[in-house]
Each structure stands twice: as C-alpha cells, then as structure tokens.
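Trainee: One structure follows; several queries about it will come next.
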Amino acid sequence: MAKICLKRASEFKTTRWSGGQTTELYIYPAGSLYENRDFGFRLSFATVEVDKSKFTSLSGYKRIIMPLTNPIELVNNSKTTRLIPGQSFNFAGSDLIESRGVSKDVNLMHTSDFAGQISTIDDNSDNKLNSSWEHLCLYNLGGKRIVTIKDQKLNVGLGDCVIINNINRENLEIKIEISGNKKKLILFEVKKGD
C-alpha cells in the first residue's frame, strides 16, 4: 500500500550554494544527508541569483534540472544548451556545468540505481493523472489545491509537497482540484532501475 505524506513549505531545509539558495524537498532514504553523498535520490528547488555560476560536481550521480521562471544556458565542455521554463535537461553529476542566467529551478539528483523524470502539470482545468512509479512528489507552485489519492484528500498550499512512496508499484490515480492562483504543479517521479 502506498504511503502518503504532506510536507508543508515551513518544514523544508534551505541552504546557500555559490549561486543562490537550495531547498531540499525530499531525500531518500530517510536519514541520508546531501553533504555525505549517501542518498539514493534528492529532490530540490533552487534559486540562481547570479548571472554566472558553476554547479557542484556530484560524481556518481545523474542530474535533471528544469528552470521555472526564466530561460537559462548550461555550458558543458564548450557545448551550450539553452533551456526554457518547463524544459528538463539530464546530465552527469560529474559534468563541469556553468550556468548562465538568473532563474528558479527544480532538480532531481539520483544514483544509477534509480531512474527519474520531472514534468509540469498545467492548471488549465482539474487534472487526473495515473502513475505506478515507486516515488512521486507533487510540488505546488501556485494556489490552494485538493489532491486526492485513493480516498485520502489533502489540502495543499503554496510551496507544499505531497510525497508518495509507492513501493508496490500500484497504479495510483491522483486527482488535483485547483482553486486560487493558477500556477504550475511540478511532478517528480523516481523508480528503481532504468
């Protein structure tokens, strides 16, 4: 049976990095620390507050980044990739990446034991989605929402996350009802293997 947890924005840990701030939304397994590099995967929200910055090298990890507010350019060994808000980009954690542009973004870092993806859910209407991934996180960037998973209804506020550990890989139907400010909802999905 899937375990569902609502984490409020006030519960998150925010730290500084050389180019801005990062907020850890979820780290797996429980008790892991980013600083110790002993995690299987980590989900985060970050601000890039300077026009040029270098990403921390994370050898042994794969990374996915998605800008949310402004386009950014990522330079890796003289190859430049331009990303627009809502577009994700995968790269090796050991890549020496220089970022150009001020933005806010979301990130997924994971070992090769895991596979993952980041997508957006637009607020054009009430949404339903189905997923059988092992770990899901819905990160709310907008107004109040009611998220229903099975028979459990959660009132999700701005900056809150719904964390779903679906170890048995059930096919879950998730219903999202929207009220207030219509901004994106970010969906992180992670599973063991490729």
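Trainee: Any idea which of SER78, SER59, SER94 is open to solvent by less than 70 Å² (accessible area, probe 1.4 Å) and not basic (Lys, Arg)?
Mentor: Within the list SER78, SER59, SER94, the selection yields SER94.
Trainee: Which count do you get for residues in region 86-107 that are under 19 Å from GLY193 (Cα atoms) and in contact with an Asp or Glu (Cβ under 9 Å, 6 or more places away or on another chain)?
Mentor: 0
Trainee: Evaluate the following for ARG8: is it open to solvent by 60 Å² or more (accessible area, probe 1.4 Å), at pLDDT 95 or above, within 30 Å of SER131 (Cα to Cα) and more than 19 Å from the chain's Cα centre (by Cα)?
Mentor: No: the conditions fail for ARG8.
Trainee: Name, by its number, the condition in (1) open to solvent by 60 Å² or more (accessible area, probe 1.4 Å); (2) modelled with pLDDT under 95 that does not hold for VAL48.
Mentor: Answer for VAL48: the failing condition is (1).
Rundown of residues vs (1) out of contact with any Leu (no Cβ under 9 Å at 6 or more places or on another chain); (2) more than 30 Å from ILE176 (Cα to Cα); (3) of a type in the set (Lys, Arg), yes/no style:
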{"position": "GLU24", "(1), (2), (3)": "no, no, no"}
{"position": "TYR34", "(1), (2), (3)": "yes, yes, no"}
{"position": "ASP51", "(1), (2), (3)": "yes, yes, no"}
{"position": "PHE55", "(1), (2), (3)": "no, yes, no"}
{"position": "TYR61", "(1), (2), (3)": "yes, yes, no"}
{"position": "PRO67", "(1), (2), (3)": "no, no, no"}
{"position": "ASN76", "(1), (2), (3)": "no, yes, no"}
{"position": "ILE84", "(1), (2), (3)": "yes, no, no"}
{"position": "ASP105", "(1), (2), (3)": "no, no, no"}
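Trainee: Another question, if that's okay. Condition test on SER103, is it within 21 Å of THR69 (Cα to Cα) and either aliphatic (A, V, I, L, M) or in contact with a Ser or Thr (Cβ under 6 Å, 6 or more places away or on another chain) (or both)?
Mentor: For SER103, the condition - within 21 Å of THR69 (Cα to Cα) and either aliphatic (A, V, I, L, M) or in contact with a Ser or Thr (Cβ under 6 Å, 6 or more places away or on another chain) (or both) - is met.
Trainee: Could you tell me which numbered condition SER103 fails, if it satisfies all but one of (1) within 18 Å of the chain's Cα centre (by Cα); (2) surrounded by fewer than 18 Cβ atoms within 10 Å (Cβ to Cβ); (3) small (Gly, Ala, Ser)?
Mentor: (2)
The values are calculated or read from the model by the stated rules, or taken from the named source; none is laboratory data. Predicted model, so just to flag it, every value in this text is computed and none were measured. Neighbour counts are summed over all protein chains in view; Cβ atoms, including those assigned to glycine, are modelled from backbone coordinates with ideal geometry. Accessible surface areas use protein heavy atoms only, side chains included; no ligands, DNA or RNA. Shrake-Rupley method; radii C 1.70, N 1.55, O 1.52, S 1.80 Å.
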